[in-house]
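Asker: Provided herewith is a single structure, encoded as structure tokens, for subsequent inquiry.
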Amino acid sequence: MRRWLGPALVAPAFAYIALLVGLPVVLSLYLSVSDARVGSDTTRFVGLANFAGALQTPSFRGALIHSFLFTVISQALVIAGATLLALSLKEAFRGRGLVRLLVLLPWVAPISLGALGWKWLLDSLYSVVNWMLAAAGLVDPMNPPMWLGEPRLAMLSVILVHTWRTLPFATVILLAGLTSIPRDIPEAAAVDGGGFWRTHFTITLPMIRPIVLVALLFGVVFTFTDMTAVYILTRGGPADATQVLPSLAFFTGILGGDLSGGAAISLFLFPMLLLGAIVLLRIARRSEVT
Amino acid sequence: MAIVATRALTKRFGAGENAVDGVDIESRDGEFLVLLGPSGSGKTTVLRMIAGLEDPTSGEVWIGGRMVNAMTPRERGIAMVFQSYALYPHLTVYDNIAFPLKAQGVPRSEHEAKIGWAAEKFGIVRLLERKPRELSGGERQRVALARALVREPQVFLLDEPLSNLDAKLRASAREELQKFQKELGTTAVYVTHDQVEAMALGDRVVIMDHGRVRQVGTPAEVYDDPADTFVATFLGSPPMNLLERDGILLGFRPEHVRAGSAAEGAVGFRFRCELTEYLGSEQLAYGTLQDAAWAGREVVWRFPSWDPAPAEGSVQDVYVERARLRYFDSSTGLRRPAP
Amino acid sequence: MRRGPARLVLRLIVVVFALALSFPFYWMALTSFKRTSDLYDLKNNPLLFNDPPTLEHWRFLFAETLYPRWLANTMLVGLAVVAITLLLAVPAAYGLARLTGRWGERAGIGMFLMYLVPPTLLFIPMSRLVAILHLQDSLWSLILIYPTFTVPFATWLLMGFFKSIPRDLEDAAMVDGLSRFSAFLRVIVPVSFSGLVTVSIFAFTLVLQEFVYALTFLSSVSKQTVGVGVPIFLIRGDVFYWGELMAACLVACIPVAIVYNIFLDRLIQGFTVGAVK
């Protein structure tokens, strides 16, 4: 009775996923080595032409660089910020519940709506950020920064929105890790003479290293594969300055109708995921810290 | 001069009763002082207040002649061994022991010598490169001790360090601990709920219950001369027999019951045996007294395994020497002189 | 304990972060209640109400746009997807938590990895698939496709919850004569009820937050979900009517935030039991 029950319970879910994820993956591979277009019924095998073609396009090369740049910078900021915030939230204090609610908002809100909010915050004419900076005397009110219109600033804005969005998630994960440390370890460290910084940097933070890696992994995957923030804020502009791989794939494949080109572009996301999967498995293997 | 003392030490958590209620303790220099009591008696809280891990609600803690209430644990010159050992799991044994040295700013060049010395003392030199998860319970305990030792503290504080070891290991670990403390001569304050441990290790024992100190004395003093019924029944297994009559409790220990009729200077009873237990090293007989004055009172009798055991249901004469009798007031539980 | 200055610094950090992270939402709220004349007057201090607040944007949003329709669409899709998710994930999670040994571990991690497969990798072939099934521009396309990420997530979470229930409970029930299935229904389900509620809530928020598939598969204005409708279709001509837009955002964000906050601890519990163990 038992032997078949386990697999039987698990089968429907796996079958569903295998079908609706596996099939598209296979289809994606097929599309990327063919010349499919929306509206045409015939497709021919073209080998690696799509991939080669993509690599030669400046907008693709730019998108590749941007994807890495945005991800690395935003996640570095996230880990630093989340660590600081998690350490600060560890001890209970009055109003911590409210603080947690506020801190979580960026993560909970649908990405598109949060990004829309930022679009308004960074509006070329009415940006409240610019108003506050001007009031503080940091910018010229006659010539305010074009957060979404000037290439460098647009990149910064996208990085900022990504950081803003994933920080709460990382904080929550890190906080969970910190609170899972048994109470007597930091007490022993206190008795042994460790001050605040020494205890945290040499004892508690290293102890939650696996959890930090998990948070980082999620943040990296979410940011690298996200097209929403870019789409809403800048549509990839100005002049492809903020284009990233997923958004380029969207413009090429869906709006542009070049299914195989789009598929080829999205497949470049795959190595990233593979890396992520390997890292996660490594962590799962040697995560025992007790 | 590393004497540990508390004066009217009190701790209240929230709006409830005092967990620690006006505790006055004073250790002697180099003494192994045991805080003994059931769980909830406040003994661990007292230890933590001495360590500086909890702030007292009121009262003072003195270490080595200074009042340390305002000092952090680090400044108090203490070392602590936790019940769970609290070893840093991601560091090797070597680095675990090195941590206090680093934290105190001891120069790197001196680390190896000191760590070597501490490891030597506990026989863990060959374990220095291992991580805590690779060690057995007994080995972890010794690492915790080495880590405490390496700081050369004024006082050792130990929170039930043997309770996580299995029974067989506990006895040998206890012996080692005792030898080590005697050799070192550093004052140690040790918390336990195990009275056997307390009696074996302590130079003096502080017996606590519900946040208050019931009695302080050498093992012999608290065993033979209990200050109240709590101490009398907490120590000794099985506990002291207590018979009540006219507002007075008469007490005597199971091992002081003898078979036979009472001579001059002894008190006799008629004992009806209900049940006997053979424990290998000794035997126990559970029964009731048949005397008119003590009818139906339950009594436990402890005698060597080579003596014949009374038959179940049999009635015989037993006696207890007067010198062994203890009297307590039945309403307060306090010791009183013989009536 | 006694760490005066350090503690103050930490408090300060918390305040700064909390303000910075939540400011956009405060700004959304402010914008949605400000009169248009106030909003677009560059001479005004934007952080204050220079004219009295108004409910005009809110009225417009609900009375004269398709927003309520989009809310309904989103609710429909959400409920349907949660139902499908529970149907698939509960048995799978139970199976993985209880009955399969070493393969269970691997399958569990495999399931978890499925969650990391991003929509932006799959959406192009998916759009083909949707076209073939004649589901383009239909909410059913979303109902079909969304479980591909809600089910892995839910299975992972539920695995954590089920694992934390001691085996002895079902064993005792089975010794008492129940079949495994009844033991599951009568014992496990009630005990893990709050876990099931938590998973449902989070699956719903995943649906609410989704953008890529909704953007790709749906085209009619009336069929949109909130996540896509608001930033793309709630625009008259080429002009962004920020008052309405921000009101629309708030409605979608705040209730979710409140509910999320209430259930967060259970989420963490389920997540960490599964992830780093």
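Asker: If I filter segment B:30-38 for residues that are closer than 21 Å to residue B:76 by Cα, more than 15 Å from the chain's Cα centre (by Cα) and among the aromatic types (Phe, Trp, Tyr), do I get at least one hit?
Answerer: no
Asker: I would also like to ask the following. So if I check each of B:108, B:140, B:147, which one is at pLDDT below 90 and in the same structural domain as residue B:79 (by TED's automatic domain parsing)?
Answerer: Going through B:108, B:140, B:147 in turn, the sole match is B:108.
Asker: Quickly run through segment A:17-29 and pick out the residues that are free of Cβ contacts under 8 Å to residues at least 12 places away in the same chain and not aliphatic (A, V, I, L, M).
Answerer: Within segment A:17-29, A:22, A:24 meet the criteria.
Asker: For segment C:12-57, which positions are surrounded by fewer than 19 Cβ atoms within 10 Å (Cβ to Cβ), modelled with pLDDT under 85 and part of a helix (DSSP H, G or I)?
Answerer: Across segment C:12-57, the qualifying residues are C:36, C:37, C:56.
Asker: What's the number of the only condition in (1) over 16 Å from residue C:204 (Cα atoms); (2) free of Cβ contacts under 8 Å to residues at least 40 places away in the same chain; (3) of a type in the set (Ser, Thr, Tyr) that residue C:138 fails to meet?
Answerer: That leaves (2) as the condition not met.
Asker: So which residues in segment C:11-45 are touching a residue at least 12 places away in the same chain (Cβ under 8 Å) and farther than 23 Å from residue A:165 by Cβ?
Answerer: C:33, C:34, C:35, C:36, C:37, C:38, C:39
Residue by residue, here is whether (1) within 28 Å of residue C:112 (Cα to Cα); (2) more than 23 Å from the chain's Cα centre (by Cα) holds:
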{"position": "A:27", "(1), (2)": "yes, yes"}
{"position": "A:45", "(1), (2)": "no, yes"}
{"position": "A:64", "(1), (2)": "yes, no"}
{"position": "A:117", "(1), (2)": "no, no"}
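Asker: Residue by residue through segment A:8-30, note down the ones that are in contact with a Gly (Cβ under 8 Å, 6 or more places away or on another chain) and at the interface with chain C (Cβ under 7 Å from one of its Cβ atoms).
Answerer: A:9, A:10
Asker: Against the conditions (1) free of Cβ contacts under 8 Å to residues at least 60 places away in the same chain; (2) surrounded by fewer than 19 Cβ atoms within 10 Å (Cβ to Cβ); (3) among the β-branched types (Val, Ile, Thr), where does residue A:73 fall short? Just the number, please.
Answerer: Unmet for residue A:73, out of (1) free of Cβ contacts under 8 Å to residues at least 60 places away in the same chain; (2) surrounded by fewer than 19 Cβ atoms within 10 Å (Cβ to Cβ); (3) among the β-branched types (Val, Ile, Thr): (1).
Asker: Please determine whether any residue of segment B:41-48 is part of a helix (DSSP H, G or I), more than 14 Å from chain A (Cβ to nearest Cβ), at pLDDT 90 or above and within 26 Å of the chain's Cα centre (by Cα). Before the answer, list the steps.
Answerer: So the first thing to find is which residues in segment B:41-48 are part of a helix (DSSP H, G or I), and the list is B:43-48.
Restricting the remaining residues to those that are more than 14 Å from chain A (Cβ to nearest Cβ) gives B:43, B:46.
With at pLDDT 90 or above added as a condition, the list becomes B:43, B:46.
Checking the rest, the ones that are also within 26 Å of the chain's Cα centre (by Cα) come to B:43, B:46.
So far as segment B:41-48 goes, yes, one or more of its residues are part of a helix (DSSP H, G or I), more than 14 Å from chain A (Cβ to nearest Cβ), at pLDDT 90 or above and within 26 Å of the chain's Cα centre (by Cα).
Asker: Got a sec? Which helices (runs of 4 or more DSSP H) wholly within segment B:174-284 have at least 3 residues that are of a type in the set (A, V, I, L, M)?
Answerer: Because the criterion is at least 3 residues that are of a type in the set (A, V, I, L, M), the helices (runs of 4 or more DSSP H) in segment B:174-284 that meet it are B:195-201.
For (1) over 20 Å from residue B:324 (Cα atoms); (2) polar (S, T, N, Q); (3) out of contact with any strand residue (DSSP E or B) (no Cβ under 9 Å at 6 or more places or on another chain); (4) surrounded by 15 or more Cβ atoms within 10 Å (Cβ to Cβ), each residue gets a yes or a no:
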{"residue": "B:263", "(1), (2), (3), (4)": "no, no, no, no"}
{"residue": "B:273", "(1), (2), (3), (4)": "yes, no, no, yes"}
{"residue": "B:292", "(1), (2), (3), (4)": "yes, no, yes, no"}
{"residue": "B:295", "(1), (2), (3), (4)": "yes, no, no, no"}
{"residue": "B:304", "(1), (2), (3), (4)": "no, no, no, no"}
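Asker: Is it the case, given these coordinates, that residue A:45 is surrounded by fewer than 16 Cβ atoms within 10 Å (Cβ to Cβ) and of a type in the set (Phe, Trp, Tyr)?
Answerer: On the way: surrounded by fewer than 16 Cβ atoms within 10 Å (Cβ to Cβ): yes; of a type in the set (Phe, Trp, Tyr): yes.
When the stated conditions are applied, residue A:45 passes them.
Asker: From the list A:76, A:92, A:49, A:36, which one is small (Gly, Ala, Ser) and touching a helix residue (DSSP H, G or I) at 6+ places or on another chain (Cβ under 6 Å)?
Answerer: Exactly one of A:76, A:92, A:49, A:36 is small (Gly, Ala, Ser) and touching a helix residue (DSSP H, G or I) at 6+ places or on another chain (Cβ under 6 Å), namely A:36.
Asker: Further question on the same structure: Just the residues that are over 26 Å from residue C:232 (Cα atoms) and among the acidic types (Asp, Glu), please, taken from segment C:46-69.
Answerer: Of everything in segment C:46-69, just one residue is over 26 Å from residue C:232 (Cα atoms) and among the acidic types (Asp, Glu), namely C:51.
Asker: Applying the selection to segment B:49-65, what residues are within 14 Å of chain A (Cβ to nearest Cβ) and more than 22 Å from the chain's Cα centre (by Cα)? Can you show your working first?
Answerer: Step one: list which residues in segment B:49-65 are within 14 Å of chain A (Cβ to nearest Cβ), which gives B:49-55, B:63.
Within segment B:49-65, B:55 is the sole residue that qualifies.
Asker: Looking at C:129, C:169, which one is within 9 Å of chain A (Cβ to nearest Cβ) and over 22 Å from the mean Cα position of the chain (by Cα)? Don't jump to the end; show me each part of the working.
Answerer: Details: C:169 fails: within 9 Å of chain A (Cβ to nearest Cβ).
Selected residue: C:129, the only one of C:129, C:169 that is within 9 Å of chain A (Cβ to nearest Cβ) and over 22 Å from the mean Cα position of the chain (by Cα).
Asker: Here's a follow-up. Got at least one residue in segment A:46-62 being touching a strand residue (DSSP E or B) at 6+ places or on another chain (Cβ under 8 Å) and more than 13 Å from chain C (Cβ to nearest Cβ)?
Answerer: yes
So that you can scan it fast, the table gives a plain yes or no per residue for (1) more than 10 Å from chain C (Cβ to nearest Cβ); (2) among the hydroxyl-bearing types (Ser, Thr, Tyr):
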residue: A:104; (1), (2): no, no
residue: A:108; (1), (2): no, no
residue: A:123; (1), (2): no, no
residue: A:129; (1), (2): no, no
residue: A:144; (1), (2): yes, no
residue: A:147; (1), (2): yes, no
residue: A:154; (1), (2): yes, no
residue: A:165; (1), (2): no, no
residue: A:171; (1), (2): no, yes
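Asker: With the checklist (1) at the interface with another protein chain (Cβ under 8 Å from one of its Cβ atoms); (2) free of Cβ contacts under 8 Å to residues at least 24 places away in the same chain; (3) surrounded by 17 or more Cβ atoms within 10 Å (Cβ to Cβ); (4) assigned to a helix (DSSP H, G or I) in hand, flag the one item residue A:97 doesn't pass.
Answerer: (3)
Asker: For residue A:223, are the conditions met, namely being touching a residue at least 24 places away in the same chain (Cβ under 8 Å) and either more than 7 Å from every other protein chain (Cβ to nearest Cβ) or farther than 17 Å from residue A:85 by Cα (or both)? Don't jump to the end; show me each part of the working.
Answerer: On the way: touching a residue at least 24 places away in the same chain (Cβ under 8 Å): yes; either more than 7 Å from every other protein chain (Cβ to nearest Cβ) or farther than 17 Å from residue A:85 by Cα (or both): yes.
The answer is yes for residue A:223.
Asker: I need a count of the residues in segment C:207-233 that are surrounded by fewer than 24 Cβ atoms within 10 Å (Cβ to Cβ) and within 26 Å of residue C:55 (Cβ to Cβ).
Answerer: Matching residues across segment C:207-233 total 5.
Asker: I need the full set of residues from segment C:84-111 which are of a type in the set (Ser, Thr, Tyr) and in contact (Cβ under 8 Å) with a residue 12 or more places away in the chain, in order please.
Answerer: Those that are of a type in the set (Ser, Thr, Tyr) and in contact (Cβ under 8 Å) with a residue 12 or more places away in the chain: C:85, C:94.
Asker: Looking at A:130, A:143 in this structure, which one is surrounded by fewer than 20 Cβ atoms within 10 Å (Cβ to Cβ) and modelled with pLDDT under 90? Steps first, please.
Answerer: Numbers: A:130 fails: surrounded by fewer than 20 Cβ atoms within 10 Å (Cβ to Cβ).
Answer to the check: A:143.
Asker: In segment B:253-273, is there at least one residue being closer than 30 Å to residue B:25 by Cα and among the polar types (S, T, N, Q)?
Answerer: There is no residue in segment B:253-273 that is closer than 30 Å to residue B:25 by Cα and among the polar types (S, T, N, Q).
Asker: Count, please, the residues in segment C:147-166 that happen to be more than 10 Å from every other protein chain (Cβ to nearest Cβ) and within 27 Å of residue C:223 (Cα to Cα).
Answerer: Within segment C:147-166, the first condition is being more than 10 Å from every other protein chain (Cβ to nearest Cβ), and the residues that meet it are C:150, C:153, C:156-166.
From what's left, within 27 Å of residue C:223 (Cα to Cα): C:150, C:153.
Qualifying residue count, segment C:147-166: 2.
Asker: In segment A:232-245, which residues are within 12 Å of chain C (Cβ to nearest Cβ) and touching a residue at least 40 places away in the same chain (Cβ under 8 Å)?
Answerer: Passing the criteria: A:232, A:233, A:244, A:245.
Asker: Scanning for something in contact with a Lys or Arg (Cβ under 6 Å, 6 or more places away or on another chain) and part of a loop (DSSP other than H, G, I, E, B), does segment B:20-35 turn up at least one residue?
Answerer: Within segment B:20-35 (the criterion being in contact with a Lys or Arg (Cβ under 6 Å, 6 or more places away or on another chain) and part of a loop (DSSP other than H, G, I, E, B)), the answer is no, since none of the residues qualifies.
Asker: Among the residues of segment C:192-203, is there at least one that is within 12 Å of another protein chain (Cβ to nearest Cβ) and of a type in the set (Gly, Ala, Ser)?
Answerer: Within segment C:192-203, none of the residues are within 12 Å of another protein chain (Cβ to nearest Cβ) and of a type in the set (Gly, Ala, Ser).
The values are calculated or read from the model by the stated rules, or taken from the named source; none is laboratory data. Note that the coordinates shown come from a computational prediction; the quantities given were computed from them, not determined experimentally. Glycine gets a Cβ as well: all are built from the backbone with ideal geometry, and neighbour counts include every protein chain shown.
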